[in-house]
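The values are calculated or read from the model by the stated rules, or taken from the named source; none is laboratory data. Here the structure is a predicted model, which means the values were calculated and not measured. Glycine gets a Cβ as well: all are built from the backbone with ideal geometry, and neighbour counts include every protein chain shown. Ligands, DNA and RNA are excluded from the accessible area calculation, which covers all protein heavy atoms including side chains. Shrake-Rupley method; radii C 1.70, N 1.55, O 1.52, S 1.80 Å.
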Amino acid sequence: MLAKQWLNNARNVMDKIEETQMDNIREAATIMADSIEKGKWVHTFGCGHATLPIEEMYPRIGGFVGFHPIVELPLTFFTNIVGQMGVDQFIFLERVEGYGREIMKGYTFDKEDTMWLFSHTGVNAVNIDIALDAKEKGMKVIVYGSAAEAKGKTTKHSCGKTLFELADLVVDSCAPSADASVPLKNHIDKIGPVSTMAFMTTVWMTVTTVAEILADRGVKLFIHPSHNIPGDSSSKQRLADALKEYKRRVAGV
């Protein structure tokens with residue numbers, strides 16, 4: 001069954017992440033923990049399917065206050081496929097140089113914030129705009145994506161560098177460059193991409209490490225609780241507390 005082939009491919013990627021990226025994940029988590037402990041933000045950004053890890057980490061059960069999602073609708077909502085905000089427009093927009101800097105104008109940043117970017121290839125202009133602007137503002141820029149597979153690829157930005165070359169720290173998602181991983185008879189293109197699974201894996205490896213570091217430092221975390229557990233009478237209040245803390249922090253952004 002091709003289902004097992006995809007599952008083996010996914011496991012191989014996860015194993016490679018564990019074998020090669022633990023030190024980088026720990027370093028990234030430490031940088032993020034430093035920002036959160038100071039009452040600052042870890043801003044998160046991606047385009048297309050690289051927004052899925054952003055939506056996964058916060059807000060959701062088991063996530064906690066400290067991660068600020070920056071999600072630009074035309075770069076995210078392309079499930080119309082055709083017509084308004086369709087795939088063609090998305091592919092065009094993520095390659096438009098200058099768009100990322102316009103996105104950054106909508107927010108207030110601090111040099112002690114961290115910018116966490118997700119990009120499979122690291123070559124498109126919007127992500128690079130965000131990285132350049134963040135670095136100019138003094139933020140550390142952390143990039144997650146298929147870094148090793150991206151070597152030799154040509155950037156689509158006039159700065160001449162890929163996102164991975166601009167980053168202060170890179171965590172390799174270890175996903176293959178083509179993303180789709182399962183060959184199908186009588187077809188040229190493969191099926192079964194693994195990059196989203198790789199992003200989700202590295203996200204929770206990182207976020208749990210951030211939480212561990214902060215807890216070891218004695219920092220109180222405002223965690224989104226499950227509000228569907230029978231007998232947990234305080235979950236509604238804990239959720240309200242988390243949202244109140246987020247609202248307090250985000251007021252300056």
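General observations
- The range 30-118: GluC sites (Glu not before Pro) in DSSP coil with no more than 16 other Cβ atoms inside 10 Å: GLU97, GLU112
- If the Kirkwood radius is taken over C-alpha pairs of the range 136-219, then at 4 °C and 1.567 mPa s the Stokes-Einstein diffusion coefficient equals 85 µm²/s.
- Prolate/oblate/rounded call for the range 2-48, Cα gyration tensor, a/c under 1.5 rounded: oblate
- In the chain, the DSSP beta bridges split such that about 15 percent are antiparallel, to the nearest 5.
- Under the Karplus curve 6.51 cos²θ - 1.76 cosθ + 1.60, θ = phi - 60°, whole-Hz ³J(HN,Hα) for the range 133-149, x wherever Gly or Pro sits: 5, 5, 5, 5, 7, x, 7, 6, 10, 10, 10, 10, x, 7, 5, 4, 5
- Summed over the residues of the range 150-199 and divided among them, the accessible surface reaches 54 Å² per residue at a probe radius of 1.4 Å.
- Packing rank of 209-219, 40-50, where each peptide gets the mean count of other beta carbons within 10 Å, highest leading: 40-50, 209-219
- One equal scatterer on each Cα of the chain, no solvent, Debye formula: the resulting log10 I(q)/I(0) at q = 0.08, 0.09, 0.10, 0.14 Å⁻¹ is -0.33, -0.41, -0.51, -0.99.
- Mean ellipticity per residue at 222 nm, deg cm²/dmol - from DSSP H runs of n ≥ 4 across the chain, formula -39500 (n - 2.57): -13500 deg cm²/dmol
- The spacing between the range 1-35 and the range 171-240, judged by their C-alpha centroids, is 11 Å.
- Degrees separating the helix 2-20 axis from the principal Cα axis of the chain, which is the longest one: 60 degrees
- Listed pairs LYS16/LYS111; LYS111/LYS156; LYS38/LYS137; LYS16/LYS140; LYS105/LYS140 exceeding 24 Å between Cα atoms: LYS16/LYS111; LYS111/LYS156; LYS16/LYS140
- Between helix 235-250 and the chain: long-axis angle, C-alpha atoms, 0 to 90°, nearest 10: 80 degrees
- Integer Hz, Karplus 6.51/-1.76/1.60 couplings in order for the range 187-197, x for Gly and Pro: 9, 6, 7, 7, 10, x, x, 10, 5, 5, 4
- For the range 159-170, Karplus couplings with θ = phi - 60° (6.51, -1.76, 1.60), whole Hz, Gly/Pro x: 5, x, 10, 7, 4, 5, 6, 8, 5, 6, 8, 10
- Based on C-alpha pairs under 8 angstrom that are at least 6 apart in sequence, the chain has a relative contact order of 23 percent.
- Radius ratio Rg over Rh of the range 113-253, counting only Cα atoms, Kirkwood formula for Rh: 1.08
- Across the accessible surface of the chain, with the other protein chains kept in place and a 1.4 Å probe, carbon and sulfur atoms take up 54 percent.
- Cα gyration tensor shape for the range 81-171, rounded if a/c is under 1.5, else prolate or oblate: oblate
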